[in-house]
Amino acid sequence: MNRKDGYGHRGWAQRLATIAWLLLLLPSTTVVALDGADVFKKSDEKLIPDICSYSLEINTIGKAGKEKSSIFTGYKRGRDKNVLVSRVPKKLAGSVHLRKQDVIWSYSTINHQLTKVAYQSIFMGTLLNYGDVMATELSFDYDFKEAKEEGKNYIIDLTPKPGRDGYARIEVTINKDTLLPEKRSYYSQTDELLKECTFMDIKFGDGGLKRMVIEFSEPKKERKTLVTFQEVKRLSDVPEKYFNENQIRYLGGE
Amino acid sequence: MLRIGTHPSNEVGGECRLRTNLIRASGLNWMGWLLFLLGVAPAESQAVEFRAEVYNEPAVQALNAGSSINPNNLQSVNQFQYFLRGDLDVKSALGEHANAFIKLEGQFYPASFLPSGADGKVFIKAMHLDFSASFFSLRVGKQYVQWGSSVFFFPIDVINTQRDPLRPIEEAEGSPMISLSFPIKDNASIDLLTYVRSDALQTLNKSIRDLPVLLKAAFSANQISGFVFAQYRDGYNYPRVGLNLDVTFSIGESLSLGLYGDLLYKYESDRQKVAPKDGALSVVPIPGNHFVSFVVGAKAIFNFSQSTWLDSMQWMVEYSQNSENWVHNDLLNYYLYLHFLESDLATHFKAVALKQEYRNAPRYLFLSLALQSLLTEDFEFRLSHVLNLEDFSSVLIPALSYSFENQNATVGLRVYAFLGDPDSEYGNSPIRGQVQTFFQYYF
């Protein structure tokens, strides 16, 4: 064996070892460089299925424990179409709320009037606005702005898409392992915290999400609102007329 | 509530007696229909839903002895009233594509403003069957249809011509109709309606040609939506046409704004007025052709997310103009005409009905301010103002309400104050003011 052959074996071994180390390190460096927009989109898509029906319960607990409860049956089709038929309270049973692209409609069984509602209008005496309730996928209304890592989570900053109504900024905390949201913080144009929500009790089954509870709170208001998505069922389709505002009174039957 | 000669208990009671007679004559009374629906529906349905409402309203009023409509209380109107209303709703899905709905209502006046005293009735407030397929939806029966975006003046509401906007909306009664709707994708529709006019029950048995027909085309594109319609009826030389436009948007994260307009054109008037004729005052048709009525309105809602004593403030303004309305001279002639009829109570009572609310000046303004969850959750203060822009008389309506039991129960107080010169529309009102308290409960 000459000196050249011995040097050649050691050189190759070193090169192979270096490549192996690089391959081991590659996933972590890839995570650091992961597209925040991609994380946001994947997190959004993991939640409520694209086409489905579901039951939505909204409980607001006020000062001194005064509780208000609303229950709806919802139908979702894609990112921009969502309709809710009110079941509880009795007074509003049969009323229907519809979100279609940028517009929200509300049909009331009390005055039988179909009205357009702004995104920021308060929803039925809760801490939520119509946009909070009717917009099931943030990625339709918001653009990714920036992302950072913080321990086990990604912190994603979102701003409204041009021409869209919404909060000036939303900060979403997403678990790195599950890509599920843990918290959202909603900010005003002056960067004042308006409200926060915490995701709890997210359960998946065959076919996707089965149950999810979100707790909303506002710093200045002494009450909280619990939103529960349950009985989520994937559907092959929801008829287009469900999302025609002139037809929604037939959904409620009044 | 306020119109002597057109008080709900008398006006609707008269219609109810006729309606009840007609139903009995058909051999199938309303109880039979209810039993039929409840008997058949569960066998075919997936669920039967029930809902009930009770409402009671004691009220007191102060009379205006100088009113031309009720001079020195000629009509013997009382100052206290107690009104009770109960509703029972039954709704059932009949298979996958059909629904049935019936609303029974009972009204009872243990004490009434009107001299007739205690009165009561039970009637079918609404009853309809829905059938829905992929390319059309059909609703047949009695139903209330809200027509247009306006909140107080309803110029394009050619269907519900007798609704009093000062009364709770739950009291609005619909008309028997057939409504056929063809959705076009998810942003448009064509509707065809025919209905029995609420003022036409007398002609119910005459001819199907008496039934008006409405053709409506609705559309929406982003924040803008609206509809156009045409109404045909036997006796019209030309159809009546109407237009609605509506736009709503948010400004920042606290303010939302809605703007709307409704417009109606009709070739001829079917209204009357009092005018000099052959040297005496007579009731004559309103002359001329080409009448236009419209409203433009705005609604702003401001959310107070940082406040512990107020959730939101809602402000509304609505301007109404109608070329078919009376002018001040017509109103003065009407008052003079009533004065000449004071000795003939029956004719005086009939003549009172000539006047239509909010149609006695060319222009009106409605303003409303509502504060939601003021000081405490679910407590609302509302102040509304109706202003006659010709004689500057007005109605001022402050109101308080509190909801509880998961929004199913509401207690409240409403005050109506009629302000203006003695010969103005509201200054000459038969009452100076009225105070109502109410309790409403759904279960």
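Based on what the data block shows, is residue B:162 surrounded by 20 or more Cβ atoms within 10 Å (Cβ to Cβ), under 17 Å from the mean Cα position of the chain (by Cα), polar (S, T, N, Q) and within 29 Å of residue B:324 (Cβ to Cβ)? Against the criterion (surrounded by 20 or more Cβ atoms within 10 Å (Cβ to Cβ), under 17 Å from the mean Cα position of the chain (by Cα), polar (S, T, N, Q) and within 29 Å of residue B:324 (Cβ to Cβ)), residue B:162 does not qualify.
Please determine whether any residue of segment B:256-269 is in contact with a Pro (Cβ under 8 Å, 6 or more places away or on another chain), closer than 30 Å to residue B:211 by Cα, acidic (Asp, Glu) and modelled with pLDDT of 90 or more. Write out each step before concluding.
We begin by selecting, within segment B:256-269, every residue in contact with a Pro (Cβ under 8 Å, 6 or more places away or on another chain); these are B:262-264, B:269.
From the residues that got through so far, the ones that are closer than 30 Å to residue B:211 by Cα too are B:262-264, B:269.
Keeping just the survivors that are acidic (Asp, Glu) gives B:262.
So of that shortlist, the ones also modelled with pLDDT of 90 or more come out as B:262.
Yes, segment B:256-269 has at least one match.
The criterion of at least 3 residues that are within 14 Å of chain A (Cβ to nearest Cβ), of a type in the set (S, T, N, Q) and on the phi < 0 side of the Ramachandran plot is met, among strands (runs of 3 or more DSSP E) falling completely within segment B:115-200, by B:175-184.
For segment A:212-219, state whether one or more residues are within 14 Å of another protein chain (Cβ to nearest Cβ), touching a strand residue (DSSP E or B) at 6+ places or on another chain (Cβ under 7 Å), outside any strand (DSSP E or B) and surrounded by fewer than 17 Cβ atoms within 10 Å (Cβ to Cβ). Yes, because at least one residue in segment A:212-219 is within 14 Å of another protein chain (Cβ to nearest Cβ), touching a strand residue (DSSP E or B) at 6+ places or on another chain (Cβ under 7 Å), outside any strand (DSSP E or B) and surrounded by fewer than 17 Cβ atoms within 10 Å (Cβ to Cβ). Residues that are of a type in the set (Asp, Glu), part of a strand (DSSP E or B) and touching a Leu at 6+ places or on another chain (Cβ under 8 Å) do occur in segment A:126-145. Residues that are in contact (Cβ under 8 Å) with a residue 40 or more places away in the chain, assigned to a loop (DSSP other than H, G, I, E, B) and closer than 29 Å to residue B:422 by Cα are absent from segment B:52-62. For segment B:237-255, a residue qualifies if it is outside any strand (DSSP E or B) and either within 11 Å of chain A (Cβ to nearest Cβ) or closer than 11 Å to residue B:303 by Cβ (or both), and the qualifying residues are B:252, B:253, B:254. Considering segment A:94-122, and only residues there that are assigned to a loop (DSSP other than H, G, I, E, B) and in contact (Cβ under 8 Å) with a residue 60 or more places away in the chain, the residue that is surrounded by the fewest Cβ atoms within 10 Å (Cβ to Cβ) turns out to be A:102.
Any idea which residue in segment B:289-317 is nearest to residue B:263 (Cα to Cα), counting only those that are more than 14 Å from chain A (Cβ to nearest Cβ) and in contact (Cβ under 8 Å) with a residue 40 or more places away in the chain?
Going residue by residue through segment B:289-317, those that are more than 14 Å from chain A (Cβ to nearest Cβ) are B:289-296, B:317.
If we keep only those that are in contact (Cβ under 8 Å) with a residue 40 or more places away in the chain too, we end up with B:293-295, B:317.
Details: B:293: 6, B:294: 4, B:295: 7, B:317: 16 Å.
Per the stated criteria, the residue is B:294.
Taken as a whole, the structure places residue A:134 among residues that are crowded, with 21+ Cβ neighbours inside 10 Å and at pLDDT below 90. Condition test on residue B:419, is it touching a residue at least 12 places away in the same chain (Cβ under 8 Å), surrounded by fewer than 21 Cβ atoms within 10 Å (Cβ to Cβ), among the aliphatic types (A, V, I, L, M) and touching a His at 6+ places or on another chain (Cβ under 7 Å)? No: the conditions fail for residue B:419. Taking segment B:322-360 as the range and being within 22 Å of residue B:396 (Cβ to Cβ) and under 19 Å from the mean Cα position of the chain (by Cα) as the test, the residues that pass are B:325, B:355, B:356, B:357, B:358, B:359, B:360. If you check B:90, B:60 for being within 14 Å of chain A (Cβ to nearest Cβ) and on the phi < 0 side of the Ramachandran plot, only one passes: B:90. Which of the residues belonging to segment A:220-254 are in a loop (DSSP other than H, G, I, E, B) and touching a residue at least 40 places away in the same chain (Cβ under 8 Å)? Listed by number, the residues that qualify are A:221, A:222, A:223, A:235, A:236, A:237, A:238, A:245, A:246, A:253, A:254.
Let's see how each residue does on (1) in contact (Cβ under 8 Å) with a residue 12 or more places away in the chain; (2) surrounded by 15 or more Cβ atoms within 10 Å (Cβ to Cβ); (3) within 14 Å of chain A (Cβ to nearest Cβ); (4) among the β-branched types (Val, Ile, Thr):
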position	(1), (2), (3), (4)
B:335	yes, yes, no, no
B:345	yes, no, no, no
B:354	yes, yes, no, no
B:359	yes, yes, no, no
B:378	yes, yes, yes, no
B:388	yes, yes, no, no
B:409	yes, yes, yes, no
B:413	yes, no, no, no
B:440	yes, yes, yes, no
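Exactly one residue among B:312, B:373, B:368, B:293 is surrounded by 18 or more Cβ atoms within 10 Å (Cβ to Cβ) and at positive phi, and that residue is B:373.
Inspection of segment A:161-169 identifies at least one residue that is surrounded by fewer than 22 Cβ atoms within 10 Å (Cβ to Cβ) and more than 11 Å from every other protein chain (Cβ to nearest Cβ). The residues of segment A:163-211 that are part of a loop (DSSP other than H, G, I, E, B), under 25 Å from residue B:252 (Cβ atoms) and out of contact with any helix residue (DSSP H, G or I) (no Cβ under 6 Å at 6 or more places or on another chain), listed by number, are A:163, A:165, A:167, A:168, A:188, A:189, A:190, A:191, A:192.
Being more than 30 Å from residue A:65 (Cβ to Cβ), more than 9 Å from chain B (Cβ to nearest Cβ), β-branched (Val, Ile, Thr) and touching a Leu at 6+ places or on another chain (Cβ under 9 Å) is not true of residue A:227.
Residues that are at the interface with chain B (Cβ under 10 Å from one of its Cβ atoms) and buried (at least 17 other Cβ atoms within 10 Å of the Cβ) were ranked within segment A:189-211; the one that is farthest from the chain's Cα centre (by Cα) is A:194. Note on segment A:102-113: among residues that are under 22 Å from the mean Cα position of the chain (by Cα) and facing chain B (nearest Cβ under 7 Å), the one that is farthest from residue A:142 (Cα to Cα) is A:103.
The values are calculated or read from the model by the stated rules, or taken from the named source; none is laboratory data. Remember, it's a predicted structure, so these values are computed and weren't measured experimentally. So basically every Cβ, Gly included, is an ideal-geometry build from the backbone, and we count neighbours across all protein chains shown.
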